[in-house]
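Asker: Take this structure first; my questions come after.
None of the figures in this text is laboratory data; all of them are computed from the coordinates on show. On a predicted model such as this, the values are computed, not experimentally measured, just so you know. A quick note on method: Cβ atoms are made from the backbone with ideal geometry, for glycine too, and the neighbour counts reach across all protein chains shown.
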Amino acid sequence: MKLIPITMVVIGIVALAGCSLDDSESSDVGAGSLADRGKLESVELTVGGKEFTEQLVLCEISAQALESAGASVGRNCGMSGTNSVRSALESGDIDLYWEYTGTGWLSHLGESKTIADPTELFQRLNEKDAAKNGITWLKPSPANNIYSVAVASETAEELGISTMSEYAALANSDPGEASFCGAAEFLSRDDGWPGVEEAYGFKLPDSNVSELAYGALYNSVDKGSPCKFGEVFSTDGRIPALGLTVLQDDKQFFGVYNPAVSIRTQTLEKYPEIEKVLAPVAQRLDDATLQKLNAQVDVDGKTPEQVSKDWLTQQGFVS
């Protein structure tokens, strides 16, 4: 079992403190290549995001990118829950935030059937959300941050489990050995735990399922207490840092979850340069990049603001 410095215990608190609600302070980034793609002087925008690490980083990346092109950007990073952020977008409390295409399709539009092809999913999602809710989706990044189930590698080897079907068989035969931890949202979403149980044909007793804060899941799975298996995001940097094994989704239940900027259509129509500025950023965000950025926060103890600025600068996007 690999150990992570004790500073990780407070990383979530530090990250949230560094990206607080209604924080409109500039990050002091200078113009880089993004500024050549669009001019946003005198434009006032508010970006939002959810409370977990990747969202804190993406929120800050988009804010700094827009600031480098001249915009004045307020931040509502670290909002609690997917529905809260989406409601803020629809009401105009924020102008844009990074959401995941699968979440948009299944949760926000209420569709029940997943779409495996990422291009088709994006096109149908964008068309329907714009027509129904006045929300436009910018072209997604190549990353696919899907829900996954992970286990400590030594436990996976001991139990002989590498796929979700094998896990389902264990859950049916020995529920105690299949104990599971998940965050509240995953445990209640149709594309989360209830859907997993239905798709793979098992029902784990409530006594073997623990609800934890998302930040506590990874160490809990690594230690095997209070659960041996748990919810993870595939681009989380703690997976390689802790040496966890991600179970193969052999029935392909978890669909496509490409991160993309969702923005109020009227905002984009008023300031079309936003899309030009953010497009190169999205193109560079693949799985490996997001996992590295997330690890710099969760493992190395850096703030989302510094991680974002360093990456944008390294890419030549800002100075």
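Asker: Just to be sure I understand the curve: with the Debye formula and one point per C-alpha of segment 55-213, what is log10 I(q)/I(0) at q = 0.11, 0.17, 0.18, 0.20 Å⁻¹?
Answerer: The computed values of log10 I(q)/I(0) come out as -0.58, -1.11, -1.18, -1.32.
Asker: Evaluate the charge dipole of the chain about its Cα centre and quote only its size in Debye, nearest 20, assuming +1 on the Cβ of each Lys and Arg and -1 on the Cβ of each Asp and Glu.
Answerer: 400 debye
Asker: Treating only the Cβ of Lys, Arg, Asp and Glu as charged (+1, +1, -1, -1), what charge dipole size does segment 147-246 show about its Cα centre? Round to the nearest 20 debye.
Answerer: With only Lys, Arg, Asp and Glu charged at Cβ, the dipole is about 180 debye.
Asker: Using all Cα-Cα distances in segment 174-319, what percent lands in each 10 angstrom bin from 0 up to the longest?
Answerer: Calculated P(r), rounded to whole percents: 9, 31, 31, 20, 8, 1.
Asker: Also, quick follow-up: Which is farthest toward the positive dipole end of the chain among Trp105, Ala31, Ala184, measuring Cα position about the Cα centre, with Cβ charges +1 (Lys, Arg) and -1 (Asp, Glu)?
Answerer: Projecting each Cα onto the dipole axis, the largest value belongs to Ala31.
Asker: Would you kindly compute the Cα radius of gyration of segment 27-93 and its largest Cα-Cα separation (Dmax), both in Å?
Answerer: Cα-based Rg and Dmax for segment 27-93 come out at 12.5, 35 Å.
Asker: Report, in cubic angstrom per residue, the convex hull volume of the C-alpha atoms of the chain.
Answerer: It comes to 114 Å³ per residue, whole-number rounded.
Asker: Whole number please: convex hull volume per residue, Cα atoms of segment 147-246, in Å³.
Answerer: 85 Å³
Asker: For the chain, what is the calculated [θ] at 222 nm in deg cm²/dmol (nearest 500), taking -39500 (n - 2.57) for each run of four or more DSSP H residues and dividing by its residue count?
Answerer: Computed mean residue ellipticity for the chain: -12000 deg cm²/dmol.
Asker: Of Gly316, Gly237, Pro304, which is farthest along the charge dipole of the chain in the positive direction, counting Lys and Arg as +1 and Asp and Glu as -1 at C-beta?
Answerer: Among Gly316, Gly237, Pro304, the one farthest towards the positive end of the dipole of the chain is Gly316.
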